[in-house]
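Below: one structure, written as C-alpha cells.
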C-alpha cells in the first residue's frame, strides 16, 4: 500500500470518529460505556429513549471503531474498544455523576435480567 493511501485511510478513520462524537446521545453512550459493558436495554433505560434510537447511535459508534459488541444469545452487549484513540477519548471526557448514579441504579435494580426475562423496564432518562 502506498504511503498516500495509508494517510487517506487514517484520515477517513479519524473523520468517522469525529462524526460519531458530534452527537450528544452518542457521547452519553460513550460515558455510560466508560462504566463498563452494557446491553441495549440498560443503555435505553439510562438514557430514557427508544430502543431504535439507541441502536442507531450504537451503529454509528461501532462503524467509527469507538465501540465493540458481543452477542449473548439474542442479546447484544457493547463496550468501548481498546484502541489508542478511545483510550485518549476516555481521558478527555468529563466524569458525569448523574450517569454514574444511573448506571449504579441499573446494576442494583438488575435491569439486564428484568429485560431478558420480559419484565417491565421503566426508562429513566439523562438530561
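Odds and ends about this structure:
- The stretch 90-105, subset crowded, with 17+ Cβ neighbours inside 10 Å and out of contact with any strand residue (DSSP E or B) (no Cβ under 8 Å at 6 or more places or on another chain), residue farthest from residue 41 (Cα to Cα): 96
- Among (1) crowded, with 17+ Cβ neighbours inside 10 Å; (2) out of contact with any strand residue (DSSP E or B) (no Cβ under 9 Å at 6 or more places or on another chain); (3) not in a helix (DSSP H, G or I), the one test that residue 54 misses: (3)
- Residues being at pLDDT below 90, more than 19 Å from residue 45 (Cα to Cα) and surrounded by 13 or more Cβ atoms within 10 Å (Cβ to Cβ) - total across the stretch 58-85: 2
- Search result, residues across the stretch 10-49 that are out of contact with any helix residue (DSSP H, G or I) (no Cβ under 9 Å at 6 or more places or on another chain), modelled with pLDDT under 90 and closer than 21 Å to residue 59 by Cβ: 12, 15, 18
The values are calculated or read from the model by the stated rules, or taken from the named source; none is laboratory data. Values in this document were obtained by computation on a predicted structure and should not be read as measured data. Heads up, the Cβs are rebuilt from the backbone with ideal geometry, glycines too, and the neighbour counts pull from every protein chain shown.
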